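Enquirer: Here's a structure for you.
The values are calculated or read from the model by the stated rules, or taken from the named source; none is laboratory data. Fair warning: this is a prediction, and the values are worked out from it, not measured in the lab. Positions of Cβ are backbone-derived with ideal geometry, glycine not excepted, and every protein chain shown enters the neighbour counts. Ligands, DNA and RNA are excluded from the accessible area calculation, which covers all protein heavy atoms including side chains. Shrake-Rupley method; radii C 1.70, N 1.55, O 1.52, S 1.80 Å.
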Amino acid sequence: MDMKPLISGLSDNAVVITRVADGQWHALHDDVVVGRTYAERRSDGRLFVSIDAWRDATFDQLAEAVVAELSAPLYTVVDEADVGLTACWRRAGFTVRRREWEYAVPTDPQVTGLGGVLPPSGVTIVPAGQADEGLLRAVDRAIRDEVEASVGWQSMPAEVIALPEGDTIGDPSMYAVAAASDRYLGLIRVVTVNRPRIGLVAVRAGEQRRGIARALLAHTLESLHRSGFAATWAEVQESNQAASALFEGIGVRPVSSNLELVR
């Protein structure tokens with residue numbers, strides 16, 4: 001553990017920034033912690049940082065220390081309603097990369113109206129954990145290629161950016177898929193850590209507008225409801241009109257919006 005101060009003031013009462021562990025910094029004033037910074041590398045390989053400080057000047061010192069210590073690019077996420085925090089990150093050289101709407105999606109089919117929704121003829125829903133990994137990776141690759149050829153891959157949410165070492169799907173057990181006789185046509189990914197979150201819903205371009213995404217959503221929400229979850233969450237990029245329409249089509253509206261910033 002490196003306890004050497006990275007930034008120090010001119011007097012004994014000045015704030016001192018100290019790295020206390022890998023990816024953790026403290027701001028100390030008279031040996032009292034007045035601010036903290038955390039850096040965490042997410043599963044998609046990107047490095048996200050967060051700063052908690054009461055005073056803007058302390059925030060700026062912590063940001064300066066982190067930027068000096070870590071290699072770019074650096075990312076952070078803020079609640080768009082927190083104008084003051086956004087301004088702090090802008091002073092540190094971060095700019096807005098994307099806006100994402102957050103949806104709280106009820107799982108009860110009596111609320112969503114998805115009870116009894118079935119996939120189109122010739123399509124079956126394969127539950128999470130039962131998908132063939134080879135076919136899953138094939139449909140993932142096909143969807144990625146279609147997105148890259150249309151809107152560009154970097155416009156997609158972080159959830160579907162390549163994972164470390166070139167992987168793209170992570171844990172195959174997190175996916176339910178829509179299957180035809182010889183291939184998969186679409187997929188939905190659900191991650192459950194502290195609370196369930198829908199990270200991705202995608203259907204191959206030639207199979208869209210058939211109700212496949214709606215059937216995948218209905219299946220997933222019903223499974224979560226049976227498991228005792230009253231709601232799940234989803235973040236949708238502002239420009240992803242299809243995903244917004246999918247959720248808003250069952251009466252769900254955004255509860256908040258987040259900004260992803262990058263330096």
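Enquirer: Positive end of the dipole of the chain, charges at C-beta (+1 Lys, Arg; -1 Asp, Glu), about the Cα centre: which of Val66, Ala243, Leu85 has its Cα farthest in that direction?
Expert: Ala243
Enquirer: Select from Arg214, Arg98, Arg183 the residue whose mean-square fluctuation is largest in a Gaussian network model of the chain (Cα-Cα springs shorter than 10 Å).
Expert: Checking each option, the largest mean-square fluctuation is seen for Arg183.
Enquirer: Can you work out D for segment 173-235 in µm² s⁻¹ from Stokes-Einstein, where Rh is the Kirkwood radius over C-alpha pairs, the temperature is 37 °C and the viscosity is 0.692 mPa s?
Expert: Numbers: Rh = 12.2 Å.
In µm²/s, the coefficient rounds to 269.
Enquirer: Gain in length, Ala81 to Arg41, computed as 0.36 nm per residue apart minus the alpha-carbon separation, to one decimal in nm? Could the numbers behind the result be given before it?
Expert: Numbers: separation 40, 0.36 × 40 = 14.40 nm, distance 2.51 nm.
Gain on extension, Ala81 to Arg41, equals 11.9 nm.
Enquirer: Helix-only estimate, please: 222 nm mean residue ellipticity of the chain, summing -39500 (n - 2.57) across DSSP H runs of length 4 or more and dividing by its residues, to the nearest 500.
Expert: Computed mean residue ellipticity for the chain: -8000 deg cm²/dmol.
Enquirer: Hey, any idea what % of the chain's accessible area is carbon plus sulfur with a 1.4 Å probe?
Expert: On the way: 6820 of 13750 Å².
Using a 1.4 Å probe with all protein chains present, the chain comes out at 50 percent carbon and sulfur.
Enquirer: With every protein chain kept in place and ligands, DNA and RNA left out, what is the accessible area per residue of segment 177-229? Probe 1.4 Å, answer in Å². Could you put the intermediate results ahead of the total?
Expert: Details: 2610 Å² over 53 residues.
Ligands and nucleic acids excluded, the result is 49 Å² per residue.
Enquirer: Averaged per residue, what accessible surface does segment 53-142 expose to a 1.4 Å probe, in Å²? All intermediate terms of the calculation are to be shown ahead of the outcome.
Expert: Values: 4730 Å² over 90 residues.
I get 53 Å² per residue for segment 53-142.
Enquirer: Ala230 to Arg91: FRET efficiency via 1/(1 + (r/R0)^6), r the Cβ-Cβ distance, R0 41 Å, to the nearest 0.05? Kindly include the intermediate steps, with their values, before the conclusion.
Expert: Details: r = 40 Å, r/R0 = 0.98.
Given R0 = 41 Å and the Cβ-Cβ separation, E is 0.55.
Enquirer: Same structure again: Over segment 21-92, what is the relative contact order in whole percent, taking alpha-carbon pairs under 8 Å and six or more residues apart? Let's see the in-between values first.
Expert: On the way: 89 pairs, mean separation 17.6, N = 72.
Reported as a whole number, the value is 24 percent.
Enquirer: To the nearest 10 Å², what's Leu135's accessible area with a 1.4 Å probe?
Expert: Accessible surface of Leu135 is approximately 70 Å².
Enquirer: Across segment 180-194, in residue order, what do the Karplus-derived ³J(HN,Hα) couplings come to in whole Hz, using 6.51 cos²θ - 1.76 cosθ + 1.60 with θ = phi - 60° and x for Gly and Pro?
Expert: In residue order, the calculated couplings are 9, 5, 10, 6, 9, 9, x, 8, 9, 10, 10, 10, 10, 10, 7 Hz.
Enquirer: If you bin the C-alpha pair distances of the chain every 5 Å from 0, what whole percents do you get?
Expert: Pair shares across the bins are 1, 5, 12, 14, 15, 14, 11, 9, 7, 6, 4, 2, 1, 0, 0.
Enquirer: Determine how large the accessible area of Val111 is when every protein chain is in place; take a 1.4 Å probe and give Å² rounded to the nearest 10.
Expert: 90 Å²
Enquirer: If the elastic network links every pair of Cα atoms under 10 Å, which of Gly115, Gly228, Gly93 fluctuates the most in the Gaussian network model of the chain?
Expert: Gly228
Enquirer: Can I ask one more? Could you calculate the FRET efficiency of Ser256 with Ser121 from 1/(1 + (r/R0)^6), where r is the beta carbon distance between them and R0 is 41 Å, rounded to 0.05? Provide the component values of the computation, followed by the final result.
Expert: Values: r = 39 Å, r/R0 = 0.94.
Efficiency computed from Cβ-Cβ geometry: 0.60.
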